[in-house]
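Chemist: Encoded as structure tokens, here's the structure I'll be asking about.
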Amino acid sequence: QVQLVESGGGLVQPGGSLRLSCAASGRIFAINQMGWYRQAPGKQRELVATITNSGNTNHADSVKGRFTISRDNAKNTVYLQMNSLKPEDTAVYYCNARINWRDTWGQGTQVTVSS
């Protein structure tokens, strides 16, 4: 069974940084696009950033210049470097990947930005 496991969330002060990781494991034949989404309390899940297997990236306007998505294809892992964090970045962050031509989601990791 294929799964995605996120790590790296936590509590950080405004202006601080965090790095999220998401590793895919299981019987993997192909991984295409990978990405990060987030869902704040009372809000819909929204796109944060995506990256293709050739390295093309897309970042939401709200995080451009502060967050950077990257991936290590040899490790089947995608990262999200988050800098200059704001209280409005507080949310559960979910990893998503197109693995073996099917959408797969991680369990989510909490990011809280608060003083």
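The values are calculated or read from the model by the stated rules, or taken from the named source; none is laboratory data. Treat the numbers as computed from the prediction; the structure is a model and nothing was measured. Heads up, the Cβs are rebuilt from the backbone with ideal geometry, glycines too, and the neighbour counts pull from every protein chain shown. Heads up: the accessible areas ignore ligands, DNA and RNA and are worked out on the full protein's heavy atoms, side chains in. Shrake-Rupley method; radii C 1.70, N 1.55, O 1.52, S 1.80 Å.
Chemist: Looking at the stretch 1-50, which chymotrypsin sites (Phe, Trp or Tyr not before Pro) are DSSP coil and have at most 13 other C-beta atoms within 10 Å of their C-beta?
Modeler: Counting only loop positions with at most 13 other Cβ atoms within 10 Å, the chymotrypsin sites (Phe, Trp or Tyr not before Pro) in the stretch 1-50 are F29.
Chemist: Among Q33, Q44, Q13, which one moves the most in a GNM of the chain with springs linking Cα atoms closer than 10 Å?
Modeler: Comparing Q33, Q44, Q13 in a Gaussian network model of the chain, the most mobile one is Q44.
Chemist: With the full set of protein chains in place, find how many percent of the accessible area of the chain is carbon and sulfur; take the probe as 1.4 Å.
Modeler: Carbon plus sulfur share of accessible area: 44 percent.
Chemist: Per residue, how much accessible surface does the stretch 12-115 expose to a 1.4 Å probe? Answer in Å², no decimals.
Modeler: 53
Chemist: Now, a different point. P(r) for the chain, please, calculated from all Cα pair distances in 5 Å bins and given in %.
Modeler: 2, 13, 25, 25, 18, 10, 5, 1, 0
Chemist: Counting other Cβ atoms within 10 Å, which trypsin sites (Lys or Arg not before Pro) in the stretch 31-67 have at most 16 and lie in a DSSP loop?
Modeler: K43, R45, K64, R66
Chemist: Then there is this: Exactly which chymotrypsin sites (Phe, Trp or Tyr not before Pro) in the stretch 40-115 are in a DSSP loop and have at most 10 other Cβ atoms within 10 Å?
Modeler: W101
Chemist: What does the extension gain come out to for Q33 and L47, with contour length at 0.36 nm per residue minus their alpha carbon separation?
Modeler: 3.7 nm
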